[in-house]
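Worksheet for the structure shown next.
Please treat every number below as a calculation from the coordinates, not as lab data. Quick caveat, the model's predicted, so the values are computed rather than measured. Note that each Cβ is placed from the backbone with ideal geometry, even for glycine, and that neighbours are counted across all protein chains shown.
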Amino acid sequence: MKAVRATLLILSFLVGLTWTPCLAVCISPMGDTSISSTNPVLPIERSFIWNAVLFKPFYFESYPPAAYQPPFSAQLQATFWSLGEGNVVDGMGNDSGSRSLVGGDLAFVTDPYVVFGAEFNSDWTSPGVDGCNDTSSCTCLLLSDVDPQNTDGLFALVSAATDTTNGTALNLAGTDPLGNALPIVLKSMPRPTVTDVVRPLMDTVEITVTVPTRSAGGYEAASGAGCDCGPTEYLIRAQVLPRTVDPPPDRLLSSWPLATPLGGGAQVPTPTDASFTVQASCPGGDSNVYLVTELFFDSGFSTAFVSGNSIAVECGGNLSGDPLEVIRNPTYDLPATGGKKR
């Protein structure tokens, strides 16, 4: 999830310097440096983890929540960092760095018939981790995944207090049917909400959207009072497709170019809950504009995938109706109403 920016390398070359990442290592940690969602002794401090679309839990007495398939897709990505001290560049900041968390630190157990919810157990002293947790009072864990059809991006963001005596506990408050702590469940990312549409020209459309700060995938651990890892900002990405083409079933960032801001120029992240206006053109004729969210958190970390699609906004000379009708009347797109799908 992290990459060294090429511009840093170019600048270093131009000034005749050799750039080397400053690898900060937890050599002499103070107290427990573990980061965990589970306490092996106390069920009330054990939060299991899964993707809400893929894993439908059921419970057997004295067993963890179980289902018949893995709790995540093969595309799952994860990272953690110290609040205000992470850095998306490997070797810099206090974060999980180049360590691959999926399959090792974040793992689940199977038996011949069922799969149990996943558990997260890591440590600041693990290979590949950058820095320590000894200066920040909070830790952030971000999980990103997709649904089986690749039409929706899901996430979970856990904000937890850093305890240099007993480690960082990510478990949530409350209990599940077996007395474990409530689970950490990846939920759908917030899609861009279209609030206004203006068409200054036949082949141009201006779309105003907003993305909320609060969403179902954001969690505060039982220990996390006063810790707020986000979401903090968002970027809007877009595709313009002929009206006869189905919405794109792809959640990869690389498949969704950044939308152009009203007036042109480069898009920069917009604070959550604030409005942002993009402009799109359709010189090839009647088209649909689809918008998606890339969600940002503390220290510049963002979701590995984009959200599900916004409503389709028509561009071109032939319009089928009010592009915001689907918002004002949620039954507008149902076949029984006779309304047109866009």
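How high is the FRET efficiency from Ala225 to Tyr63, r the C-beta distance, R0 30 Å, rounded to 0.05? For Ala225 and Tyr63, the calculated efficiency is 0.45. For the stretch 72-195, the relative contact order is 22 percent, taking Cα pairs closer than 8 Å that sit 6 or more residues apart in sequence and dividing their mean separation by the residue count. Remark: spin-label model distance Ala107-Thr244 equals 5.3 nm, labels positioned 7 Å along the Cα→Cβ axis. Computed from label points 7 Å out along Cα-Cβ, the spacing between Leu42 and Gln75 is 3.8 nm. A Cβ-based charge dipole, computed about the Cα centre of the stretch 135-247 with Lys and Arg at +1 and Asp and Glu at -1, lands at about 140 debye. Between Lys56 and Ser320, the modelled label-to-label distance comes to 3.1 nm, taking each label 7 Å out from Cα in the direction of the beta carbon.
Taking other C-beta atoms within 10 angstrom as a stand-in for reagent exposure, Tyr234, Tyr113, Tyr290, Tyr68 fall in the order Tyr113, Tyr68, Tyr290, Tyr234, fewest first. Taking the fewest neighbouring Cβ atoms within 10 Å as the starting point, the ordered list for Leu201, Leu106 is Leu201, Leu106.
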